[in-house]
1. How many residues does the range 84-104 contain that are within 22 Å of Gly51 (Cβ to Cβ), away from ligand 1 (no atom under 13 Å from the Cβ) and open to solvent by less than 10 Å² (accessible area, probe 1.4 Å)?
2. What do you reckon, is Gln107 over 17 Å from Arg188 (Cα atoms), at pLDDT below 95, within 16 Å of ligand 1 (Cβ to nearest atom) and open to solvent by less than 30 Å² (accessible area, probe 1.4 Å)?
3. Does Asn184 satisfy being of a type outside the set (Phe, Trp, Tyr), within 26 Å of Thr213 (Cβ to Cβ), open to solvent by less than 30 Å² (accessible area, probe 1.4 Å) and at pLDDT below 80?
4. Restricting to the range 106-121, give me the number of residues that are touching a strand residue (DSSP E or B) at 6+ places or on another chain (Cβ under 9 Å) and within 16 Å of ligand 2 (Cβ to nearest atom).
5. Just a yes or no: is a residue in the range 55-67 on the phi > 0 side of the Ramachandran plot and surrounded by fewer than 17 Cβ atoms within 10 Å (Cβ to Cβ)?
6. Name the single residue that is farthest from Ile8 (Cα to Cα) among those in the range 155-203 being within 16 Å of ligand 2 (Cβ to nearest atom) and touching a strand residue (DSSP E or B) at 6+ places or on another chain (Cβ under 7 Å).
7. Please indicate, with yes or no, whether at least one residue in the range 179-197 is under 21 Å from Val112 (Cβ atoms), assigned to a helix (DSSP H, G or I) and either without any contact (Cβ under 8 Å) to a residue 24 or more places away in the chain or basic (Lys, Arg) (or both).
8. Out of Leu241, Leu221, Leu217, report the one residue that is more than 16 Å from ligand 1 (Cβ to nearest atom), aliphatic (A, V, I, L, M) and either free of Cβ contacts under 8 Å to residues at least 12 places away in the same chain or surrounded by 15 or more Cβ atoms within 10 Å (Cβ to Cβ) (or both).
Amino acid sequence: MMEPVLTIVVPCYNEEEVLPVTIFQLQNLLKELITDGFVSKQSKILFVDDGSQDHTWELIYKEGLRNEYVRGLKLSKNVGHQNALLAGLFIAKDHSDCIVSIDADLQDDIKVIREFLLKFHEGYEIVYGVRKRRDTDTLFKRTTALGFYKIMEKMGVDLVFNHADFRLMSKRAVQELERFSEVNLFLRGIVPLLGFRSDVVYYDRLERHAGETKYPLTKMLAFAFEGITSFSVSPIRIVLLLGFVSFFLSLFFGVYFLTLKFFGETETGWTSLITSIWLIGGLQLIAIGLIGEYIGKIYKESKRRPKYIVDIDSYSLSKPRNNILNQTAEDEFYHLDLRQISETNH
Ligand code: UDP
Ligand code: MG
């Protein structure tokens, strides 16, 4: 069998601090893998710039000019980790036999990619990287993450425990993934649904190599909420159940209040009535809010908007455009170089 072409997809959002190290380490790894006959010489590292505001794209772009292993994809604006990753996967699958996705911050042990490939050679089409321990995370992140997995499990969503987006997928798996046209795409939930032969590889997750986390608490909560509401209708069932409970309770209290009115003191009944009005009002608001959440999802899905818009794709740079580095003085120079690159590429 010919060695498979591997593409390592790396989503990057404001990662200028860590990127030089990441490029260096990943290309060394790739060279080793090529020398050892694990992957083909055509293998690449694809950096996806998710609308960074710093010099991330400039770094990727310049590296692409002089490094045969590096390719870049620049999205026109920030679309978030999941969508940036998807953009990279979908572009990369046309050029490769298998694809590994990894974060730019080197928190995931890149040596594990070799084990992923061993599994791939054994015929596994999806290989999940699973963290052994979480002691480099804060206690807060650990407990919230655990809670998240527990809730998802309860709601019947099939997730690989302690697996983030560090995984290998075959070309075919990514092609199938592309057929999930939903806009609210929660990758960790979808990939197990593909159903191909899969396995897990355990590794230790390290500290972020440089730079800050791009997942502050607000984004994390939004991510968890997205994951739950785009996969499960259980929340709405709970609301429904609450609705029934409060309905029967109000019947019971209704009888009680009537009894008070005819045989006792009305003032006391008024207090409990007003309390229950507030209670039920609150419940109704929660219910309406949740229903709204689902209607919002239907609304988004029905629009079928593209999940990302590619600005520059250095795989197919046959026609260099003039908006590449935001019209810097070096523009002419880059265009010349790009033309040379695309000529040697085709
Ligand atoms: N990322 C991205 N777009 C975003 C936020 C993050 O592409 O809007 C990338 C980021 O550059 C990194 C990966 O997603 O490569 C994971 O982010 P981070 O390491 O900050 O998350 P954490 O490991 O703290 O959960
Ligand atoms: Mg990280």
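1. 2
2. Numbers: over 17 Å from Arg188 (Cα atoms): yes; at pLDDT below 95: yes; within 16 Å of ligand 1 (Cβ to nearest atom): yes; open to solvent by less than 30 Å² (accessible area, probe 1.4 Å): yes.
Judged against the criteria, Gln107 is a match.
3. On the way: of a type outside the set (Phe, Trp, Tyr): yes; within 26 Å of Thr213 (Cβ to Cβ): yes; open to solvent by less than 30 Å² (accessible area, probe 1.4 Å): yes; at pLDDT below 80: yes.
Answer is yes for this residue.
4. Residues flagged as touching a strand residue (DSSP E or B) at 6+ places or on another chain (Cβ under 9 Å) and within 16 Å of ligand 2 (Cβ to nearest atom) within the range 106-121 amount to 5.
5. Filtering the range 55-67 down to residues on the phi > 0 side of the Ramachandran plot leaves none.
No, because not a single residue in the range 55-67 is on the phi > 0 side of the Ramachandran plot and surrounded by fewer than 17 Cβ atoms within 10 Å (Cβ to Cβ).
6. Residues of the range 155-203 within 16 Å of ligand 2 (Cβ to nearest atom): 162-167, 187-188, 203.
Still in the running and touching a strand residue (DSSP E or B) at 6+ places or on another chain (Cβ under 7 Å): 162-163, 165-167, 187-188, 203.
Numbers: Asn162: 21, His163: 17, Asp165: 12, Phe166: 10, Arg167: 10, Leu187: 17, Arg188: 18, Tyr203: 18 Å.
Residue satisfying both the conditions and the ranking: Asn162.
7. Yes, because at least one residue in the range 179-197 is under 21 Å from Val112 (Cβ atoms), assigned to a helix (DSSP H, G or I) and either without any contact (Cβ under 8 Å) to a residue 24 or more places away in the chain or basic (Lys, Arg) (or both).
8. Details: Leu221 fails: more than 16 Å from ligand 1 (Cβ to nearest atom); Leu217 fails: more than 16 Å from ligand 1 (Cβ to nearest atom).
Exactly one residue qualifies, and that residue is Leu241.
The values are calculated or read from the model by the stated rules, or taken from the named source; none is laboratory data. Note that the structure is predicted; figures quoted are calculated from it, not measured. When we count neighbours, we look across all protein chains shown, and the Cβ atoms used for this are built from the backbone with ideal geometry, even at glycine. The accessibility values were calculated without ligands, DNA or RNA, using every heavy atom of the protein model including side chains. Shrake-Rupley method; radii C 1.70, N 1.55, O 1.52, S 1.80 Å.
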